[in-house]
Structures are given as C-alpha cells and as structure tokens.
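A.B. asks: I'd like to ask some things about the structure below.
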Amino acid sequence: MTRFPRIGRTLAAALLATAAGLPPALAAGTPTANGAVTTAIGSYLAGRFAQNQDDWPSAARYMEQALAADPGDLALMRRTFLLKLGEGKVDEAVVLARKLMGQDTSGPFAVTTVIADDLKAGRTDDARALAQKMPRDGMARYVTPLVEAWLLAAGRQTDAALAALTPLLSVPGFKALHDLHAGLILDMAGRNDAAAETYAGVTSDDAPLRVVQIVGGFYERTGRQDQARALYEGFRERNPDSVMIEPNLAAMASGAKPPPAVADAREGLAEALFDLGSAIQHEGSADTAMLFGRIALHLRPDFALARLMIGDIQATRDHGEEAIATYASLQEHPVLGWAVRLRTADTLASMERTDEAAAMLRRLADERPERVDAAVRLGDVLRTAKRWDEAVEAYDTAVKRVGTPAERHWPILYARAIAYDRTNRWPQAEADLKAALALRPEEPYLLNYLGYSWVDKGQNLAEARRMIERAVELRPRDGYIIDSLGWALYRLEDYEAAVAKLERAVELKPVDATINDHLGDAYWRVGRRNEARFQWQRALRTAEEDDLKEQIREKLEKGLPERRTAGAEAPKPK
C-alpha cells in the first residue's frame, strides 16, 4: 500500500532528530514520607521496560504513574503522550498534548495532534494560530508544509495553500507527495484543469492503488472517462491477482460517479498524515507510522486505509489479538474486505491457531472459486504446520484454478514441490521444480532446491553443482545456498573446497544446525577431527529434528566411516 517509498527513507533519517529526550533523574527530588520518588523511579523504569517489550498499554500506565509524581517533567509528559497516542487513547493524548503546548512546542506530534483536534472540532482559527508555532526542522520539515497547506485550504486560500506545499519540492523524493496534495487542494477548490495537470505528475506506470483511486475518481467526476478507465485497467494489468480495483471498475460500468477523495481540509490533512505514516512504515519505523495513523483516524474515523495500516503494524509487532480486532471492522469493506480477511487468516496462523486459519481460508476459497490466493494461503499455512498431505491438496486446488501457469505462478509450484518432497513423492516434486524453473530459470531458490536435492540423492551431480553455483552468484550472502554448494562439493569428494564454502556458510548462519553438521563432516574428511567434533556439538545444541540429533550423536560417538557412503540424509534447504 506504500505510495511514496523514497519518502519513507528520508523520514526514517529524520526520526533521529525528533526522538523524545530522557527525563532528568527522578531521584534528584527529596523523598517523601510515603516514598513518592522511589515509586516514580520504579514506575519510570517499569514503563521503559514495558515499552522495550513493545507493551505500550503497560508502558503508558507506568509512565502516567511516574508523571503523577512529577507532573512538571516535560520529558515524562512527552513520553506519556506518545504512548497514549500510539495505544489509540487519542482523547487522553490530546489532553497531554495541550499541556505540552503551554510549555513546549518542539515536538511535531504533540502540536500536530492539537491542530488535528482543533480542526476536527471546527476551531480552524485556533489551529492556524498553533500552526505558526510548529517547528521547522527534523521530521517537522515534512509535516509542517502539509499541515499549513490544508489549514489554508480550509479557508479557501487555494493559492496560499499551494505555496505552503512548495518546500516539499526541495526534498528529494517528495515531488510525488507534493503533486498529490496540490492536486487534491485544486480538486477541492474546483480548479479541475489545474488539478488534472498536477495529478499527471503522480500517475506513473507504477502508481499505487490509492493514487489510482484518487486520480481515477477525479477523472470520472470531471468527464475524463477514458483516462479513468485506462488508469484502472493499467493497475489491474500490473496487479492481475489484486481484487482492490474491481469496485472502481464495477462502479464505472454502472455509471455511478465516485465522491471526492477529500471532501474538506479535515479529510485532506488525514490523507497527508496517512501518506507519511504509510511511507515510513515500510522503512522499519512502525512506531512512528502508528502515531501518524492514529492522528489520521482521529481526524477521519472512517479512514479505512489508515485503520488497515494500524492493523498491519499490530500484526507485524505480534500483537495478534489487537490486529484481528482492528481488521474485524474492515472485513465488509467493498475494496479492502477480501485482503483484510486474508490478513486475518495470516494473523491467526502466526498465532499458531492453525485450525482457525485453515477453516477461514477454506471458506474464502469456496466463496471465490475463480481466485487462487486463498487456496495458496491455505497451502502455506498447512505447510508451515507440517501438515504436508493437506498442503498438497490445497496447492492442487490452486494449480487447477491457475490453468496455464504464468511466470508469477512459480511460487505455487515451488511450494507444492516442497510438500510433495516431505511426503516422499520425489518424482512429483522434481516435476514441479522443473516446471517452476521453466517459468523462472534464474530463480536462485529453485536452482538451490533442485540442485541440493539431486546432490543429496547422488543424482546429476555435475548439473546440480552448476545450478547451485549459479544460485550462489545470484545470492552471494545467502548462507543456506552457500551451504548447498559446500555440500555438493562434499558429495563430489572435493573436501578442501567444501570446507571453504561451508566455513563461509557458518559465518553467515552461525547457529544453523544443518550447516554446522555439514561443516563437521567436511572437517572430518580432511583430517581435522577435533574441529569436526566441535561443529557437531554446536549442531547438536541447536538441532530440532530428532533424526538429525540421532545422526549427530552417532557421529560424535563413532566419527564417520573411513570410506564415503551415501551419507546421512540432510534436511532440505531452507
């Protein structure tokens, strides 16, 4: 869903300049008879620990206790405010933000939260006055132009609003964001020709869904039907498995015109904050993205994309119950509903609620028999749970629905090959791997899996080596693929070369049991017996499969046979 990936990288760097400072030493105060200072210190430390454990509700509660003991501490107030905002208790966060405004306007989130609250309540003059106090450096460098522009747009000062956006043009990667919001402001003002010209700057060949929806809707409303259809169909062609553009095409066919993407400045500012949050979410700054999303939802509670972003962040942070609850409100959404239900099933699976996830995916697969995605997801969930036979059945359904596979379908064949292999149906697995390679000849994971399997079975060793060497060229820092090459060299009895490759694989994946086991075997063959036993011991400590543990214990007791045999069966590449 990211619209502006380059923006995310810039914002991530700006975070360094806007992190909340640490509070002064709470112990500097004079302890009271009931030990209030000690309580404050304990609450503060507990809050920091809870935040480090990604438990924001507990962190907010402890920080609130610490703040009660020292209500004038700005750093504590900032941190408590941010935790409340991130937790979704926006009304409480607004109260703290207003207190901060009386003493400190250096934090962009506090001032933006108050401005958003004023704008939502219709206090536009108050919001404009506060905007004059917004910082201009750090992350505020990107937030402030958008806030000022939409506040000016609220007063129908369109030209001034466009001028307020101008600083974004000086930041690399921000032109698309500038053009989108300039277009939205012109669109809202009814300056359709200027809006169309501005929107042209964001409708590139790889324009993401939200941009396509915004600009396509504008084209429909202003009599540019051919341009709207071309935009929608271009997105569908680039994303043939997506259902999200279907409602737009269906509505267009019916003659119904969509409402404006932004009806007023409140919705415009919500859109802007979501854009910033969405961009930075995919640069690894989920906490900050969450804050932007919460403010956007405060402005526009029905903003489905902002709610979806919050649910995705919760799922990524392993807050499964919270994510499922967030997704639940979107399951009937006409555009996002299908994707949300798939993500709900994924979240259930990540919580090891496999039966619930599988049942949900089976219902979805039955509901849309023309679609492949639910059946593939079902296979993936069952494969992860090592329910191999059921996984094969699910992938069989997906393959049948595909018909003649295209290049993008190679992962389905790859996944089914793994499931076949784990159920001792190697001929079928080999056939799927070869078919997948015919679709994607340079895919390193296919080259590695088939090559490794041949090596492990003592088949086609020369060809297998060439395939794995090519996979290494394509993924030179993948420890599993380098391990496959080392094992191929071992099976070809080039033990010295095998040692070199396997040592490199262990450097990249130092705690993988299979790779350490392989290196132990290679050390043994070149006469480095003590080092071999050391590697086997390391492998035994991290091995999970009983068969591998038994093989390693036997080698620790007896070593390897003097003559090379077929060798122990090794787990398949990861």
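A.B. asks: Assess whether Arg475 counts as being within 22 Å of Leu450 (Cα to Cα), of a type outside the set (A, V, I, L, M, F, W, C), at pLDDT 95 or above and surrounded by 13 or more Cβ atoms within 10 Å (Cβ to Cβ).
C.D. replies: The answer is yes for Arg475.
A.B. asks: Can you spot a residue in the range 181-193 that is modelled with pLDDT under 95 and in contact with a Ser or Thr (Cβ under 7 Å, 6 or more places away or on another chain)?
C.D. replies: There is no residue in the range 181-193 that is modelled with pLDDT under 95 and in contact with a Ser or Thr (Cβ under 7 Å, 6 or more places away or on another chain).
A.B. asks: Right, next: Tell me, which residue of the range 478-511 that is more than 23 Å from Glu562 (Cβ to Cβ) and in contact (Cβ under 8 Å) with a residue 60 or more places away in the chain is surrounded by the fewest Cβ atoms within 10 Å (Cβ to Cβ)?
C.D. replies: Tyr480
A.B. asks: Scan the range 55-74 for residues that are among the hydrophobic types (A, V, I, L, M, F, W, C) and closer than 15 Å to Gly42 by Cβ and report the count.
C.D. replies: 6
A.B. asks: Can you give me the number of residues within the range 198-226 that are charged (D, E, K, R) and more than 26 Å from Leu308 (Cβ to Cβ)? Explain how you work it out, then say what you get.
C.D. replies: Taking the range 198-226 first, the residues charged (D, E, K, R) are 205-206, 210, 220-221, 224, 226.
If we keep only those that are more than 26 Å from Leu308 (Cβ to Cβ) as well, we get 224, 226.
Summing the residues that are charged (D, E, K, R) and more than 26 Å from Leu308 (Cβ to Cβ) in the range 198-226 gives 2.
A.B. asks: May I ask you to say which residue of Ala543, Ala522 is under 20 Å from Glu562 (Cβ atoms) and not hydroxyl-bearing (Ser, Thr, Tyr)?
C.D. replies: Ala522 is the lone residue from the list that is under 20 Å from Glu562 (Cβ atoms) and not hydroxyl-bearing (Ser, Thr, Tyr).
A.B. asks: Let me ask you something else. Within the set of pairs 6 or more residues apart or between chains, which connect a residue that is in a loop (DSSP other than H, G, I, E, B) inside the range 545-571 to a residue that is at pLDDT below 55 with Cβ atoms less than 7 Å apart?
C.D. replies: If the second residue must be at pLDDT below 55, the pairs left are Glu545/Pro571.
A.B. asks: Can I ask one more? When you look at Asp521, is it surrounded by fewer than 21 Cβ atoms within 10 Å (Cβ to Cβ) and over 28 Å from Trp410 (Cβ atoms), yes or no? Walk me through how you get there before you give the answer.
C.D. replies: Working: surrounded by fewer than 21 Cβ atoms within 10 Å (Cβ to Cβ): no; over 28 Å from Trp410 (Cβ atoms): yes.
So Asp521 does not fit the description; no.
A.B. asks: Let me ask another. For the range 271-303, name all the residues that are small (Gly, Ala, Ser) and in contact (Cβ under 8 Å) with a residue 60 or more places away in the chain.
C.D. replies: Ala272, Ser278, Ala279, Gly284, Ser285
A.B. asks: Does the range 313-329 hold any residues that are among the hydrophobic types (A, V, I, L, M, F, W, C), farther than 22 Å from Gly379 by Cα and either in contact with an Asp or Glu (Cβ under 9 Å, 6 or more places away or on another chain) or not in a helix (DSSP H, G or I) (or both), and which are they?
C.D. replies: Ile313, Ala323, listed by residue number.
A.B. asks: Now for a separate question. Among the residues of the range 468-499, what is the count of those that are in a helix (DSSP H, G or I) and within 18 Å of His518 (Cβ to Cβ)?
C.D. replies: Here the count works out to 22.
A.B. asks: Another question, if that's okay. So if I check each of Thr203, Thr144, which one is in contact with a helix residue (DSSP H, G or I) (Cβ under 8 Å, 6 or more places away or on another chain), hydroxyl-bearing (Ser, Thr, Tyr) and in a loop (DSSP other than H, G, I, E, B)?
C.D. replies: Values: Thr144 fails: in a loop (DSSP other than H, G, I, E, B).
The match here is Thr203.
A.B. asks: Within the range 257-264, is there a residue that is of a type outside the set (A, V, I, L, M, F, W, C) and more than 20 Å from Leu336 (Cα to Cα)?
C.D. replies: So far as the range 257-264 goes, yes, one or more of its residues are of a type outside the set (A, V, I, L, M, F, W, C) and more than 20 Å from Leu336 (Cα to Cα).
A.B. asks: For the range 397-413, does any single residue satisfy the condition of being under 30 Å from Met351 (Cβ atoms), touching an Asp or Glu at 6+ places or on another chain (Cβ under 7 Å) and surrounded by 19 or more Cβ atoms within 10 Å (Cβ to Cβ)?
C.D. replies: Yes; the residues of the range 397-413 include at least one that is under 30 Å from Met351 (Cβ atoms), touching an Asp or Glu at 6+ places or on another chain (Cβ under 7 Å) and surrounded by 19 or more Cβ atoms within 10 Å (Cβ to Cβ).
A.B. asks: Ok, one more. Can you tell me which of (1) aliphatic (A, V, I, L, M); (2) crowded, with 17+ Cβ neighbours inside 10 Å; (3) under 24 Å from Ala286 (Cβ atoms) is the one Ala75 doesn't meet?
C.D. replies: That leaves (2) as the condition not met.
A.B. asks: Just wondering, is there one or more residues in the range 455-467 that are modelled with pLDDT of 95 or more and either touching a strand residue (DSSP E or B) at 6+ places or on another chain (Cβ under 9 Å) or within 28 Å of Pro369 (Cβ to Cβ) (or both)?
C.D. replies: no
A.B. asks: Could you say which residue among Arg300, Arg221, Arg266 is surrounded by fewer than 18 Cβ atoms within 10 Å (Cβ to Cβ) and of a type in the set (Lys, Arg)?
C.D. replies: Arg221
A.B. asks: Let me ask you something else. Considering every residue within the range 153-163, establish whether at least one is touching a residue at least 24 places away in the same chain (Cβ under 8 Å), in contact with a Gly (Cβ under 8 Å, 6 or more places away or on another chain) and part of a helix (DSSP H, G or I).
C.D. replies: Yes: the range 153-163 contains one or more residues that are touching a residue at least 24 places away in the same chain (Cβ under 8 Å), in contact with a Gly (Cβ under 8 Å, 6 or more places away or on another chain) and part of a helix (DSSP H, G or I).
The values are calculated or read from the model by the stated rules, or taken from the named source; none is laboratory data. Nothing here was measured: the structure is a model prediction, and the numbers come from that model. No Cβ is skipped: glycine too gets one built from the backbone with ideal geometry, and neighbour counts run over all protein chains shown.
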